[in-house]
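The structure appears below as structure tokens.
The values are calculated or read from the model by the stated rules, or taken from the named source; none is laboratory data. Keep in mind that what you see is a predicted model, and the values were worked out from it rather than measured. Backbone-built Cβ (ideal geometry, glycine too); neighbour counts: all protein chains shown. The protein model used for the area step is the full one, side chains on, heavy atoms only, and it has no ligands, DNA or RNA in it. Shrake-Rupley method; radii C 1.70, N 1.55, O 1.52, S 1.80 Å.
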Amino acid sequence: MTRERWALLLGEWCAILQIEKPPRLEFVPPRKMPQRVAFLTEWYLAIEEGWLIKISTAPMDDPEEDFVHELLHVKTGCTDQAHEPWIRALAAALVALKSW
């Protein structure tokens, strides 16, 4: 996916999720992403510097769903593993509803 397409998705989903301050996006080679993840939300500096979503430049199976998943971390502020199951399910449901 191109950087332009990511920027469009960012604007679209920030509007849908009512995220007032969009996160910054950083594109990272796959070898520099931990555990071969497609996305990584940097939350520890979010209060001072704003949210940062790192996006792997490797091909992805479902980039929009994964992206919405990360944006839900931004929206809710929930970043621990206990929230992963419902954030993953909610992201899938939102993307499915959007495609109707």
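Just to check, using Stokes-Einstein with a Kirkwood Rh over alpha carbon pairs, what's the diffusion coefficient of the chain at 25 °C and 0.890 mPa s in µm²/s?
Approximately 178 µm²/s, per Stokes-Einstein.
Share of the chain's accessible area from carbon and sulfur, percent, 1.4 Å?
55 percent
What is the magnitude of the charge dipole of the chain about its Cα centre, with +1 placed on the Cβ of each Lys and Arg, -1 on the Cβ of each Asp and Glu, and no other charges, expressed in debye to the nearest 20?
200 debye
Find how much the distance from residue 83 to residue 28 grows on full extension, using 0.36 nm per residue of separation minus their present alpha carbon separation; answer in nm with one decimal.
Contour length minus Cα-Cα distance gives 17.3 nm.
Any chance you could count the Lys pairs in the chain whose alpha carbons are under 20 Å apart, treating pairs 8 or more apart or on different chains as valid?
Count of close lysine pairs: 5.
For the chain, calculate the relative contact order in percent as a whole number, restricting contacts to Cα pairs under 8 Å that are 6 or more residues apart.
Relative contact order here is 25 percent.
Would you be so kind as to identify which of 25, 93, 57 lies farthest towards the positive end of the dipole of the chain, taking Lys and Arg as +1 and Asp and Glu as -1 on Cβ and the Cα centre as origin?
57
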